[in-house]
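A.B. asks: This is the structure I have questions about; it appears just below.
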Amino acid sequence: MLLTLGATAAAAEAAPPREKPKPLKPPPASSAPAASATSPALPAAPPGAQPGKLASVAPRVAAPEVSSLLTADGKRVTGTPKLASGKLSLGDDAGVAVDRVIALDCPGDLAGWFDIGVVFANGDVLHGVPRSLQDGKIDFACDVLGPLKLSSADVAAIIFSPIHSCDALASQGDFAGVVLANGDRVKGVPAFVNEQNVGLDTGRKVLQMPRERIRMLVLRPPMPAIGERTRQVVWLANGDRLGGTLSSLSGDGFTLDGPHGVLKLPAASLRAMWSEGGVLTPLDSLTPASVVETPQFDAHVGISIDRGPDGWLSIGGRRYARAIACHATSTCSYDLAGKYSSFVAEVGLASGPGSAVLKVVVDGKTAFDSGAVTSADKPRALCVSVASARELRLVVEAGADGDAVGDRAVWGWPTLIR
């Protein structure tokens, strides 16, 4: 299947226009779900946001001015990207094999909110209108791909009302059921979805809840596979993510061959692209062996994966789809088992006051020391050898001011290379 889009990635000619939500009658009292306040609440939608209407807001992070490529040797190259014969080049550089691209960052605004659509179990995220779920099949009017019939086994969640784009792939743990608009959760097995209601089998009865009261229906955790085969992931201006094989890229557009077919999109819709799998393992896809930190105000802050308190993790105006953030002072340790040759990342501080020192420690020896950095500094790329190493530690120390409060270190595009 070959699908070609015109000037925007947010709509396809084959996709039917979104319909305004029909007025819904309140459910009978017997079918109203019991509130459960056991889960952390997702951020509230922006003022005036309505289900079925794109709730994009001005990004908190400035868009990059030009495209730039982070290579496997920890260098940044800027210019106009072009992919030919399996090599991605910018400007006059010789190019790098696409399966060794750590990240390509492209200019342009990025939708801050995801209003309605589907999150796939493989990590793809697509805008569109979920029309129905019945007998394990989902009728989905996708903005980019047009009408689709999906197997519910391939879907992790259905989003009915706006959430921040970086929360679309946030793990809900082993929870399955409904997340209500107020953040409460109701456990159960999805029974059906129609134009007005969502049915949830709680084991005792099937609850019927109006779609307008639901933030998302969670079927299973999204589990993007980082396997032996390399794939490219594209991040679009409207917040969509699609994985597959990137076969071409130029000023006119790019071609991605993935599980949804061969898709051609305009270059102007691309906000980032990265490779994962094969020789590249994103560090944020691994679970730390340990996290040791100094509590702030007697509270353990922990680490953040792929998102910050206000949305995308960023350093000096550069946003990251994959990143790890941790406060000073802290140490995150990872078991490497001697499987990798090098570690690549960009480091710096998120917005805020103060300074910190970021270090990479390999088998007890400091391999990288940033010196004191502040949020005014640009991201600093690094590449350190981890050949035959057993342990990698990401260390954040207080800076010259000696005050660790609010010092939030970011490790952008953190990648282990075999």
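Every read-out reported here was derived from the displayed coordinates using simple, explicitly stated rules and does not represent laboratory data. Values in this document were obtained by computation on a predicted structure and should not be read as measured data. Note that we place each Cβ from the backbone using ideal geometry, even for glycine, and neighbour counts take in every protein chain shown.
A.B. asks: With r defined as the distance between the Cβ atoms of Ala191 and Thr245 and R0 fixed at 45 Å, what FRET efficiency is calculated, to the nearest 0.05?
C.D. replies: Values: r = 37 Å, r/R0 = 0.82.
Efficiency at R0 = 45 Å is approximately 0.75.
A.B. asks: Another question, then. Once R0 is set to 45 Å, what does the formula 1/(1 + (r/R0)^6) return for the Cβ-Cβ distance between Ser85 and Asp109, expressed as a FRET efficiency to the nearest 0.05?
C.D. replies: With R0 = 45 Å, the Cβ-Cβ based efficiency is 0.90.
A.B. asks: Also, quick follow-up: List the aspartates and glutamates whose alpha-carbon lies under 17 Å from that of Lys264, not counting same-chain residues fewer than 8 positions away?
C.D. replies: Partners within reach: Glu13, Asp124, Asp143, Asp240, Asp252.
A.B. asks: Once fully extended, how much extra length lies between Thr78 and Lys339, figured as 0.36 nm per residue of separation less the alpha-carbon to alpha-carbon distance?
C.D. replies: 90.9 nm
A.B. asks: Now for a separate question. Among Asp240, Asp201, which comes first, then next, by fewest other beta-carbon atoms within 10 Å?
C.D. replies: By the 10 Å Cβ count, ascending, the order reads Asp201, Asp240.
A.B. asks: So if I take the centroid of the Cα atoms in the range 347-418 and the same for the range 167-202, what is the distance between those two points in Å?
C.D. replies: Value for the Cα centre distance between the two parts: 38 Å.
A.B. asks: Moving to a separate point now. Just subtract the alpha-carbon distance of Asp135 and Asp257 from 0.36 nm times their residue separation and send over the number in nm, one decimal.
C.D. replies: 41.0 nm
A.B. asks: Take the eigenvalues of the Cα gyration tensor for the range 270-418, scale each by 5, and report the square roots as semi-axes in whole Å, largest first.
C.D. replies: Values: eigenvalues 103, 65, 39 Å².
Calculated on Cα positions only, the semi-axes equal 23, 18, 14 Å.
A.B. asks: Let me ask another. Cut-off is 10 Å between beta-carbons; in what order do Asp363, Asp139 appear when sorted fewest neighbours first?
C.D. replies: Fewest to most other Cβ atoms nearby, the residues stand as Asp363, Asp139.
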